[in-house]
1. Which of (1) modelled with pLDDT of 95 or more; (2) within 22 Å of Lys19 (Cβ to Cβ); (3) polar (S, T, N, Q) does Ser342 not meet, given it meets every other one?
2. Regarding the range 26-49, can at least one residue be identified that is under 25 Å from Lys226 (Cβ atoms), open to solvent by less than 70 Å² (accessible area, probe 1.4 Å), at pLDDT below 75 and part of a helix (DSSP H, G or I)?
3. Out of the helices (runs of 4 or more DSSP H) lying entirely within the range 383-473, which hold 3 or more residues that are touching a Gly at 6+ places or on another chain (Cβ under 7 Å) and acidic (Asp, Glu)?
4. Only one of Lys437, Lys466, Lys450 is closer than 29 Å to Lys85 by Cα and open to solvent by 50 Å² or more (accessible area, probe 1.4 Å). Can you tell me which?
5. Determine, yes or no, whether Asn389 is within 24 Å of Arg443 (Cβ to Cβ), open to solvent by 50 Å² or more (accessible area, probe 1.4 Å) and in contact with a helix residue (DSSP H, G or I) (Cβ under 7 Å, 6 or more places away or on another chain).
6. With respect to His428, determine if the residue is in contact with a Lys or Arg (Cβ under 6 Å, 6 or more places away or on another chain), more than 27 Å from Gln334 (Cα to Cα) and open to solvent by less than 40 Å² (accessible area, probe 1.4 Å).
7. If Asn352 satisfies every condition in (1) within 20 Å of the chain's Cα centre (by Cα); (2) farther than 21 Å from Cys256 by Cβ; (3) touching a residue at least 12 places away in the same chain (Cβ under 8 Å) but one, which is the exception?
8. State the number of residues belonging to the range 301-324 that are within 21 Å of Lys276 (Cα to Cα) and without any contact (Cβ under 8 Å) to a residue 40 or more places away in the chain.
Amino acid sequence: MGSEMEPLLLAWSYFRRRKFQLCADLCTQMLEKSPYDQAAWILKARALTEMVYVDEIDVDQEGIAEMMLDENAIAQVPRPGTSLKLPGTNQTGGPSPAIRPITQAGRPITGFLRPSTQSGRPGTMEQAIRTPRTAYTARPVTSTTGRFVRLGTALFEYIFHHENDVKTALDLAALSTEYSQYKDWWWKVQIGKCYYRLGMYREAEKQFKSALKQQEMVDTFLYLAKVYVSLDQPVTALNLFKQGLDKFPGEVTLLCGIARIYEEMNNISSAAEYYKEVLKQDNTHVEAIACIGSNHFYSDQPEIALRFYRRLLQMGVYNCQLFNNLGLCCFYAQQYDMTLTSFERALALAENEEEAAEVWYNLGHVAVGIGDTNLAHQCFRLALVNNNNHAEAYNNLAVLEMRKGHVEQARALLQTASSLAPHMYEPHFNFATVSDKIGDLQRSYVAAQKSEAAFPDHVDTQHLIKQLKQHFAML
């Protein structure tokens, strides 16, 4: 291999490890020597693009208005396994809710924070309406960015992305479509995007379908799938992604889309299969590595999960969440020397109080694991100091209070926990247990039923309900 080949290989290696600045700098050096090196130009352009790239497809933040005023329900009582709104519908494979924590909406916590699943909500209604929604992404440069820029398209993208003035953008796109005699697929996609932003999902669906008939593009499949997810039709979205894969075999974004939907439907084993397919195509895909890692962790394989998280560390991902996960994996894989250093690093990297709360909560678990209840008590209290809405910390503090025999304090903490996270079965079950011990059978029974609703297969809850029914029969 000639010596002039090596800098390009190194630059490409930087790019794949997401070290974009180093990649761009190396390309610049190569271009100073040979200004007509096309490979270096393209690689430098891609590195610079990735550093500031905004992906419209990934960005979808549900504001307050969308959550409160959603009228797009297709069926009031959907069949199991056909809706994203019903938590825990599909328990095919994968760990039970007893092992895997869930979000406030009742979905399993995934290994990756996506723009649309963030808990961060805009502070006010005004902000929610006006904020341009943007996010960094690991997606490759798609057709939309690669399109040659004409004045009209540049103007549209400025109005749509920068000004966030969807109505004006829609008017411009409608006029342009008319001008092109409805033959330009790109403008149809833009009209669809505007309709989607305005919450007019059926109109958006028509535009995207029409665009796909004229020109099959990966982006259009992704947009149309987003429409179906918003309409709560995950099965339709899955079928659409699979159609897309027939046309674009091995396309990472489509495989990833399928995996996300399976994950939201609690079908964790199918999600993991598709994430593995993603890694066959692109072995530096952060989301796939993180999700497979978390899946191994919750399937009682912390040693394997550790390998995935270390891979992310090698790729240059360096944040609080990663060290938090590394700390937990080390603890459960019994590598105690690394556990505390990982958590210390996570605390140092925590960017806000919610992140710090998660780290303290996990440190509390470690303390419980080594039998130091005083330290555990302090850690859970610190989690609550950082995030006053941390339901799991309230629940675990209550368990520690129960062990000390402080029944009323425990009940108060459990009531707070169950009001903060009604989908979690633990606070309901613990409240039922405490109430049963002090003879408050009626409240115990009500709480036990809530626990059963949140997690129907929980054996201890069923056992408690059976005992209570026998008590009531004797009365």
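The values are calculated or read from the model by the stated rules, or taken from the named source; none is laboratory data. Values in this document were obtained by computation on a predicted structure and should not be read as measured data. Every residue, glycine as well, gets a Cβ built from its backbone with ideal geometry; the counts of neighbours run over all protein chains shown. Areas reflect the complete protein model, heavy atoms only, side chains present, ligands, DNA and RNA absent. Shrake-Rupley method; radii C 1.70, N 1.55, O 1.52, S 1.80 Å.
1. The single condition Ser342 does not satisfy is (2).
2. No; the residues of the range 26-49 include none that is under 25 Å from Lys226 (Cβ atoms), open to solvent by less than 70 Å² (accessible area, probe 1.4 Å), at pLDDT below 75 and part of a helix (DSSP H, G or I).
3. Of the helices (runs of 4 or more DSSP H) lying wholly inside the range 383-473, none has at least 3 residues that are touching a Gly at 6+ places or on another chain (Cβ under 7 Å) and acidic (Asp, Glu).
4. Selected residue: Lys450, the only one of Lys437, Lys466, Lys450 that is closer than 29 Å to Lys85 by Cα and open to solvent by 50 Å² or more (accessible area, probe 1.4 Å).
5. In short, yes.
6. Details: in contact with a Lys or Arg (Cβ under 6 Å, 6 or more places away or on another chain): yes; more than 27 Å from Gln334 (Cα to Cα): yes; open to solvent by less than 40 Å² (accessible area, probe 1.4 Å): yes.
When the stated conditions are applied, His428 passes them.
7. If we test Asn352 against (1) within 20 Å of the chain's Cα centre (by Cα); (2) farther than 21 Å from Cys256 by Cβ; (3) touching a residue at least 12 places away in the same chain (Cβ under 8 Å), just (3) comes out false.
8. Residues of the range 301-324 that are within 21 Å of Lys276 (Cα to Cα), as a first pass: 301-317, 322.
Imposing the further condition that a residue be without any contact (Cβ under 8 Å) to a residue 40 or more places away in the chain reduces the set to 301-313, 322.
Total meeting the criteria: 14.
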